[in-house]
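One structure below.
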Amino acid sequence: MGLAFCKRTIAFLLSCWMLFCVACSVEGLHEDSKVRGVNLGGWLVIEGWIKPSLFDGIPNGEMLDGTEVQLKSVMLQKYVSADNGGGMNVTVDRDTPSSWETFRLWRVSESIFQFRTSQGQFLTCNGSGSVVTASAESASATETFSLERNKENRIHIKLKSGTYLQASNLNQLTADYPGTPGWDDNAATFEMTITANNLHGDYQLANGYGYNKGKAVLKKHRNTFITIEDFDFLYRNGINTVRIPVGWWIAFDPNPPAPFIAGSLEALDNAFSWALAYSIKCIIDLHAAPGSQNGMEHSASRDGTTGWPSPDFILQTLDVIEFLASRYAQHPSLLGIELLNEPWAATVPLDVLVSFYEQGYQIVRKYSSSAYVIFCQRIGDADPFELYQANLGSINTVVDLHYYNMFDPSFSNMSTLANIEFIYKSRESQIQALNSANGPLVFVGEWVNEWNQTTGTQTDYQNFGTAQLEVYNAASFGWAYWTLKNDRMHWDFEWNIRNNYLQLQLGCTSSRQISNIILLLVLVCCCFFQHHLL
């Protein structure tokens, strides 16, 4: 009887294990339980830090759209300032620069620019003899200036008429310098300091090169950065899903609005075909929305500002979702559509985002009853639980979390061990809580085998990666690594695998879960033998 009891107990436990695997399965994956994915970042949405060489050929590449500059009169030794951040006359009277003295460039050509203030107005001048103000809400001819620049970062600013701006004795910026200035300490010469040049996205690349050269650069990049050989590599290493970031202009191929360049739609079609050949599923991720949902380069922001929450941009975004859903909903490789990547909590109100998500869900459902609809949590000061408190949809919904042990001061001085402990304590508890919530599945849609540790050994990275895999394997929908290819080695999934820095654990359970099951089996057997001997 004891032996029979032991057999029944073991059979019961194995059945529970199998039921657990089935319960955590994702509909549509081939012979797999959950998503084991990789992001194809930097391909159809450009991020310069992933492949910096894409920007190497841009003339005057230090002055791309969104570059932040400060201007100092060499004669007065005062900074040009838009008082109150804009809306008033421009003065040249500040001893030290801050936000009012910092302007964001809008690039028209290699040497022609517009200047935007911290409050969003543009510097404007009505012609020769006029005073420059910071009052224009949009940019046109009167807000456009030519820049002459020497090797010492001294500049002259000139109107289309040929008149140069100068710092007047009344500490104003006026368009009345007589003649052509030299590079000495005269009233028309300014020192330019570039304080930030952080935006290297699709807007900066296309507008920096111009259409013809930009088209050639992007065509080569799209044809070579990700190929069918990459899908073969992913298949051989147990990856069953790719998350593919796309920009809103994909819906307008082959004639997207300037300066965006056609070709991403053809590349996405290719990805779906390659995925089908290797039984890999695709998640289409709207990474860049009209107006930019977070002001970052990967949302194709022109100058670092966020305009997306406006009603017009939201309607345009819903049109893009409809385009993507109607085109790919019935494709056998589609797993899901992510409606928006990383909306910024400080500028995107929760009620606006929830309304958009609800509408996006209904659009996808119009074309597919089973495709997963994925809602990315807001980044910044936001709690992913906020999305579980909203009625976003009832069928195949997913909340996407992005986990990085960086981008926050709290990670700055963490040791390797502290980083690993944070994964097990903080990340694991949050995933468990969300898994238990009555709502969407949980997806760790971005994570990386990198942190703020500068002296980590290969073993440190292996341990850190193992900790993340063990914890993220428990997410009810799965995970996706950021990203497949990257010039920074530890961000590069392929490099991590080939160099044994990341050791994948395949299957529906993590090694910790398997260990717990084995331990339970051993305890049951020990109890049986102890009972049998007695």
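The solvent-accessible area of MET296, taken with every protein chain present and a 1.4 Å probe, is close to 70 Å². Distance from the alpha carbon centroid of region 427-474 to that of region 205-283 works out to 27 angstrom.
Backbone phi angles across region 174-180, fed through the Karplus curve with coefficients 6.51, -1.76 and 1.60 (θ = phi - 60°), yield HN-Hα couplings of 10, 9, 8, 5, x, x, 10 Hz in residue order; Gly and Pro are listed as x. Close amide H partners of ARG94, meaning residues 5 or more places away or on another chain with modelled amide H under 5 Å apart, are TYR79.
Each residue of region 99-106 was assigned a 3J(HN,Hα) from its phi angle through the Karplus curve 6.51 cos²θ - 1.76 cosθ + 1.60 (θ = phi - 60°); the sequence is 5, 5, 9, 10, 10, 9, 7, 10 Hz, with glycine and proline shown as x. Computed with every protein chain present, the accessible area of TRP183 is close to 100 Å² [probe 1.4 Å].
Judged by the ratio a/c of the largest to the smallest principal axis of the C-alpha gyration tensor, region 86-133 counts as oblate, that ratio being 1.5 or greater while a/b is no larger than b/c.
Taken as Cα centroids, region 137-158 and region 70-104 sit 15 Å apart, rounded to the nearest whole angstrom.
Using protein chains only and a probe of 1.4 angstrom, how many square angstrom of PHE103 are accessible, to the nearest 10? In the full protein context, PHE103 sits at about 0 Å².
When the solvent-accessible surface of protein heavy atoms is calculated with a 1.4 angstrom probe, in what order do GLU386, GLU446 fall, highest first?
Details: GLU386 30, GLU446 10 Å².
From most accessible down to least: GLU386, GLU446.
When we measure straight from the Cα of LYS425, which lysines land under 30 angstrom away, once same-chain ones fewer than 8 places off are left out? Cα-Cα hits under 30 Å: LYS34, LYS485. Where only DSSP H runs of four or more residues are counted, the chain gives -10000 deg cm²/dmol as its mean residue ellipticity at 222 nm, each run worth -39500 (n - 2.57). A simple rule links phi to the HN-Hα coupling: the Karplus curve 6.51 cos²θ - 1.76 cosθ + 1.60 with θ = phi - 60°, which for region 341-347 gives 9, 6, x, 8, 4, 5, 10 Hz, with x for Gly and Pro. Here is what passes the span test in the chain: the DSSP H helices with alpha carbon length of 18 Å or more along the helix axis and a Kyte-Doolittle mean of 1.0 or above are 2-23, 511-533. Determine the shape class of region 67-196: with a ≥ b ≥ c the square roots of the Cα gyration tensor eigenvalues, call it rounded for a/c under 1.5, and otherwise prolate if a/b is greater than b/c, oblate otherwise. Taking the square roots of the gyration eigenvalues as a ≥ b ≥ c, region 67-196 is rounded.
Take the chain, mark every one of the trypsin sites (Lys or Arg not before Pro) that falls in a DSSP loop and has at most 14 other Cβ within 10 Å, then report the longest stretch left between them, sites excluded.
Numbers: sites that count: LYS151, LYS160, ARG488.
Result, exposed sites excluded: 161-487.
Distant-in-sequence amide contacts of SER135, defined by a placed amide H-H separation under 5 Å and a gap of 5 or more residues or a different chain, comprise GLY87, PHE122, THR124. In terms of distances greater than 27 angstrom between alpha carbons, the cross-link table entries LYS160/LYS215; LYS78/LYS151; LYS281/LYS366 yield LYS160/LYS215.
Each residue, ASN255 and PHE411, gets one label point 7 Å from its Cα in the Cβ direction; the gap between the two is 4.4 nm.
The computed percent of Cα pairs over 43 Å apart for the structure shown corresponds, within [x] 29; [y] 22; [z] 42, to [x]. Annotation: amide H of LEU334 within the under-5 Å range of CYS282, sequence separation 5 or more or interchain, hydrogens built in the peptide plane.
In a simple Cβ point-charge model (Lys, Arg +1; Asp, Glu -1; nothing else charged), the chain has a dipole of about 1080 debye relative to its Cα centre. Using only side-chain charges placed at the Cβ, +1 for Lys and Arg and -1 for Asp and Glu, the dipole size of region 67-196 relative to its Cα centre rounds to 240 debye. If you plug the beta carbon distance of LYS219 and LYS151 into 1/(1 + (r/R0)^6) with R0 = 41 Å, you get a FRET efficiency near 0.75.
The values are calculated or read from the model by the stated rules, or taken from the named source; none is laboratory data. Remember, it's a predicted structure, so these values are computed and weren't measured experimentally. No Cβ is skipped: glycine too gets one built from the backbone with ideal geometry, and neighbour counts run over all protein chains shown. Note: accessible area is taken over every heavy atom of the protein model, side chains too, but ligands, DNA and RNA are not part of it. Shrake-Rupley method; radii C 1.70, N 1.55, O 1.52, S 1.80 Å.
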